[in-house]
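Note sheet for the following structure.
The values are calculated or read from the model by the stated rules, or taken from the named source; none is laboratory data. Because the structure is predicted, anything quoted here is derived from the model rather than measured. All Cβ positions, glycine included, derive from the backbone under ideal geometry; neighbour counts span all protein chains shown.
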Amino acid sequence: MTLDRTDLYMQMLDATAKLQYEISLMLEARVVEASKSQNWICQHINTTNLEGHDHKMKVTGQIHESVIELIDGLTKMENALNRQMKALIGKHPSGSALGLGSDDAMEFGSLLPFGEDGKL
């Protein structure tokens, strides 16, 4: 059994949706972890537990660095998902997304429920 181009695009979109769902589950777990971390930091990182300005700066710098790493990781993941969707949808030489303003029913963009204004 061979699948036509439309079926292949739909399978790719389905796989992308499942991937994004799994990512959302991982992010939910990260939220719980971040909340626990926030509570610990608020209860344990204070002037009574940190002696000296240098030690305070070192600990707060480490916390800041871990937050920056988390944001960087999320940004990279979103950029990768964005590139994946761009590769899946593609572009016409005119610069418009496939199927937008096109009469070719086999093009991927024609499967999307876009109105004339380009909005869903």
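Each residue in segment 56-103 was checked for being farther than 19 Å from ALA15 by Cβ and either modelled with pLDDT of 85 or more or not in a helix (DSSP H, G or I) (or both), and 32 of them qualify. Being surrounded by 11 or more Cβ atoms within 10 Å (Cβ to Cβ), within 20 Å of the chain's Cα centre (by Cα) and farther than 23 Å from ILE89 by Cβ is true of LEU27. For segment 2-18, a residue qualifies if it is in contact (Cβ under 8 Å) with a residue 12 or more places away in the chain and in a helix (DSSP H, G or I), and the qualifying residues are ARG5, THR6, TYR9, MET10, MET12, LEU13, THR16.
Taking into account only those residues within segment 1-19 that are surrounded by 12 or more Cβ atoms within 10 Å (Cβ to Cβ) and hydroxyl-bearing (Ser, Thr, Tyr), which is nearest to MET77 (Cα to Cα)? Only one residue tops the list, namely THR16.
If you go through segment 69-87 one residue at a time, do you hit one that is out of contact with any strand residue (DSSP E or B) (no Cβ under 9 Å at 6 or more places or on another chain), surrounded by 12 or more Cβ atoms within 10 Å (Cβ to Cβ) and of a type in the set (D, E, K, R)? No, segment 69-87 contains no residue that is out of contact with any strand residue (DSSP E or B) (no Cβ under 9 Å at 6 or more places or on another chain), surrounded by 12 or more Cβ atoms within 10 Å (Cβ to Cβ) and of a type in the set (D, E, K, R).
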